[in-house]
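The values are calculated or read from the model by the stated rules, or taken from the named source; none is laboratory data. Please read all numbers here as calculations on a predicted model, not as lab measurements. Every residue, glycine as well, gets a Cβ built from its backbone with ideal geometry; the counts of neighbours run over all protein chains shown. Quick note on the areas: whole protein, heavy atoms, side chains included, nothing else; ligands and nucleic acids left out. Shrake-Rupley method; radii C 1.70, N 1.55, O 1.52, S 1.80 Å.
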Amino acid sequence: MIDISKDLNEEQSKVVLNGDGYCLVLAGAGSGKTRTITYRVAHLLEQGVSPEQILLVTFTNKAAREMTERIGLVTGREKALPWAGTFHHICYRLLRQFAPLIGYKNNFTILDSEDSNDMMKLCVKQEGIDRTEKRFPSPQVISSIVSYARNAQTTIHEVLESQHERFLDVEETIVRIAEDYRIRKQQANAMDFDDLLINTFLLLQKEPSVREKLANQFKYVLVDEYQDTNKIQSDIVSQLSSVHHNLLVVGDDAQSIYSFRAARIENILDFEKVHAHAKVFRLEVNYRSTPEILDLANNSIAHNTEQYKKELRSIQRSHARPELHAFVDEAAEANFIAKRILELREEGVELKEIAVLFRAAFHSRALEVELTKRNIPYEYRGGVRFFERAHIKDVLVYLRVVQNHLDVVAWSRVLTMQVGIGPAAAAGIIRAVQQGVGVSEIGGSLSARAQTGWSDFLKIYNALMQCDRFDVSLCIQTVLTSGYDAYLEREFPDYRERKDDIEQLALFAQREKDLDAFLANAAMQEGFGKAHTSAGSVQDSDDEKKMVLSTIHQAKGLEWKAVFVINLTNGSFPSDRSMREPKGLQEERRLFYVAITRAKQYLHLTYPLSGGGFGGYMQGPSIFLEELDSSLLSGDSDTVFVSSDDPEEIIYVSEDEDAGRVPKRSGAVREFLKSLDDL
């Protein structure tokens, strides 16, 4: 027999024992939601419910495995739950049975992302579009547009209007390509990942007998991470629970941060409206973080107007208050964090228990440089290191071509990314350059096919030739604004993030007054990073674990003993883009809440006063910091930390003339203070 009163707290027990009917379980961060779901299923099995009558839907295969294993341990059953898995896994199994009812055969093929991209290429070609001659969005970008429209149940026009205005003039062509793609899949008896959801939804709508059969079978439906569901997923589980009306969804509206994937926070917020007489449970006992960290999280999220109110309560012992520190720039911020990480390690906190979190990938650039210099091993989650990113390398090779006309590697890379210029044409151009032919004279020898790409290249090249070589930052901005930004949007679904990276590179270059030195420094950063991630390096040794650098989106669901949340400036976090979007600020605040609640014992919030956003202008602290009750934080809000000439030293300045290691008006900070006065 399961001893619920012994194994669960009072909040969790109420869910397990009273989870019949429509139930919304608001599971706060670190509140044991997995344990609650596990025991709910185990309780149902103990009450005599057949395993085949229980449907448990998760968002990852890992979560499904973990839950089924725990259920097996609790109940003593080896195969406790046959219908447990991700949305895509469950839909695949259902479609294998009923695919002929929607025009497919039972042995349909699933297209992975590469297969889908290849088929989309055929559709683009069918339209008579030769991307070697014409500037047109890549198949990958078209796929992302079509996928978002389908999952959000909106139109391609609305997606273009909100995310890709540049492509509105080719909207009709994209719509035709999307339809051709749909037809080709059906003719090939193939479905992509989106089809697994959409076709299941259509099956349940089109075939009432199937819907009734399945809804009769699944007496209990349970859904994990409900805040991450889109409209189609929500509709599917509603239809599958339409007979017995036992639908229990577990999620946290305060951690709904994936609207860019078409997730709808409204699925939680409107649950009681959609399902009459629904019960609402709250899991507010937190097993992860100290009371001080939770007080700060509660204080922050309280500023969101559209939410279910919750108040997380800790069972952990009291610890130090979270720290807030301001820095003159990103270099000082990175210096402080690296020094504090080493201090924590000396105090007994393992590196693997330390994480630095940030809003956007490019925010880690200055810190990566500092960690590399200090030989602090780290693992980068959710991407590659800054100077190893393809678009960063692209911009650097444009600069290298201008710096050194004989750089064959740079010429080859920069030419082959142009429309209509393949390896053969690129080789011909490189030979001409090596023979001393002027760049302006080369175009006449190119084929008509290559002229389009050559023209694109010359726009950037000629603009760069007009740039002051001593203003490296301006050179980088020139590459972006002279045509490379259009290339990014054509080729990559995540073009905004790539553009942000390049703008951050321009910030990094503001201190550089020599193009040669900048390119050498960038090359050494990349090479040094690779050297320290190779086999047998310090980062791979058994006795030296890695700390973690991660975007907050990648960090959701994880936890560390010590967490740093960096670059908390207006324009960076919250981002400028989110401020322009409806309800964008509330989602950004939820993202801040997720970051705070990753920390167990130590939490450091930091921000630079300059350099945290594009343009290098002086910035204030994030609105999220200004909202916080200052009594919940340690650290002097009037103190600004500055890197001294000694890399091991941090100096600081405050309103007190005697504070810090130097007087307020000393040379080390005079320039910074003057910039504040000038504002």
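A few notes on this one:
- Treating each Cα of the stretch 193-242 as an identical point scatterer and summing with the Debye formula, the log10 of I(q)/I(0) at q = 0.17, 0.22 Å⁻¹ comes to -0.49, -0.81.
- Rounded to 5, percent antiparallel among DSSP beta bridges of the chain: 10 percent
- The distance between label points at residue 513 and residue 269 comes to 5.2 nm (points 7 Å beyond Cα on the Cα→Cβ vector).
- Protection proxy ranking, highest mean first, for peptides 60-69, 563-572, 2-11: 563-572, 60-69, 2-11, where packing is the per-residue count of other beta-carbon atoms within 10 Å, averaged.
- Inter-probe distance in nm under a simple model that places probes 7 Å from Cα toward Cβ, at residue 10 and residue 278: 2.6 nm
- Once backbone amide H atoms are built at 1.01 Å from N, residue 109 has 190, 191 as its partners under 5 Å, excluding neighbours fewer than 5 places away on the same chain.
- For the residues 40, 359, a 1.4 Å probe over the protein chains yields an accessible-area ranking, largest first, of 359, 40.
- A probe of 1.4 angstrom, applied to the heavy atoms of all protein chains, finds residue 213 with accessible area near 110 square angstrom.
- 1.4 Å probe accessible area per residue over the chain, in Å²: 43 Å²
- 52, 292, 172, ranked by accessible area, largest first (probe 1.4 Å): 172, 52, 292
- Listed residues 210, 341, 81: farthest to the positive end of the dipole of the chain (Cβ charges): 210
- Summarising the amide proton neighbourhood of residue 571: residues at separation of 5 or more, or on other chains, whose placed amide H is nearer than 5 Å comprise 576.
- Euclidean distance between Cα centres, the stretch 121-177 to the stretch 342-415, Å: 32 Å
- Amide hydrogen neighbours beyond the local backbone of residue 223, cut-off 5 Å, H modeled: 57, 248, 249, 250
- Residue 309-residue 135 FRET efficiency (beta carbon distance; Förster radius 51 Å; 0.05 resolution): 0.50
- From the C-alpha gyration tensor of the stretch 78-169, square roots of 5λ in Å: 33, 17, 12
- Stretched out straight at 0.36 nm per residue, the stretch from residue 61 to residue 109 would grow longer than its current Cα-Cα span by 15.3 nm.
- For the chain, the relative contact order works out to 17 percent when only alpha carbon pairs closer than 8 Å and six or more residues apart are counted.
- When its C-alpha radius of gyration is set against 2.2 N^0.38 Å (N residues), the stretch 1-110 gives a value of 1.22.
- Summing charges over all other residues whose Cβ lies under 15 Å from the Cβ of residue 291, with Lys and Arg as +1 and Asp and Glu as -1, gives 0.
- Percent accessible area from carbon and sulfur atoms, the chain, protein chains only, probe 1.4 Å: 48 percent
- The slack in the chain from residue 347 to residue 245, taken as 0.36 nm per residue of separation less the alpha-carbon distance, amounts to 31.4 nm.
- Approximate spin-label separation residue 125-residue 17, in nm, with each point projected 7 Å along Cα-to-Cβ: 6.6 nm
- With helices as the sole contributors, the chain gives -14500 deg cm²/dmol at 222 nm; each DSSP H run of n ≥ 4 counts as -39500 (n - 2.57), and the sum is divided by every residue.
- Heavy-atom accessible area, probed at 1.4 angstrom with all protein chains present, ranks 561, 352 as 352, 561, highest first.
- Where a label projected 7 Å from the Cα of residue 207 along Cα→Cβ would reach, residues of the stretch 228-252 with amide N under 19 Å: 233, 235-243
- Net charge, residue 108 excluded, C-beta distance under 10 Å - Lys, Arg +1, Asp, Glu -1: +2
- In order along the stretch 472-484, the Karplus-derived 3J(HN,Hα) couplings, from 6.51 cos²θ - 1.76 cosθ + 1.60 at θ = phi - 60°, round to 4, 4, 5, 4, 5, 4, 5, 4, 5, 7, 8, x, 5 Hz, and Gly and Pro are given as x.
- Charge dipole (Cα centre; +1 on Lys/Arg Cβ, -1 on Asp/Glu Cβ; no other charges) of the chain amounts to roughly 2160 debye.
- A protection proxy built from the mean count of other Cβ atoms within 10 Å ranks the segments 341-350, 234-243, most packed first, as 234-243, 341-350.
- Cα pair distances in the stretch 155-264, grouped into 10 Å bins until the bin that holds the longest one, percent each: 12, 31, 33, 20, 4
- Using the Karplus relation 6.51 cos²θ - 1.76 cosθ + 1.60 with θ = phi - 60°, the per-residue 3J(HN,Hα) values for the stretch 190-198 come to 9, 10, 8, 4, 4, 4, 4, 6, 5 Hz, with x marking Gly and Pro.
- Local charge for residue 487 was computed over the other residues whose Cβ lies under 9 Å away, with Lys and Arg +1 and Asp and Glu -1, and equals -3.
- Identified option (computed mean projected area of the Cα convex hull in nm²; candidates (i) 35.4; (ii) 33.4; (iii) 46.7): (ii)
- Solvent-accessible area of residue 485 with every protein chain in place, 1.4 Å probe, in Å² to the nearest 10: 40 Å²
- Dipole axis of the chain (+1 Lys, Arg; -1 Asp, Glu on Cβ), positive-most option in 386, 522, 474: 386
- √(5λ) per eigenvalue of the Cα gyration tensor, the stretch 214-256, largest first, Å: 21, 11, 6
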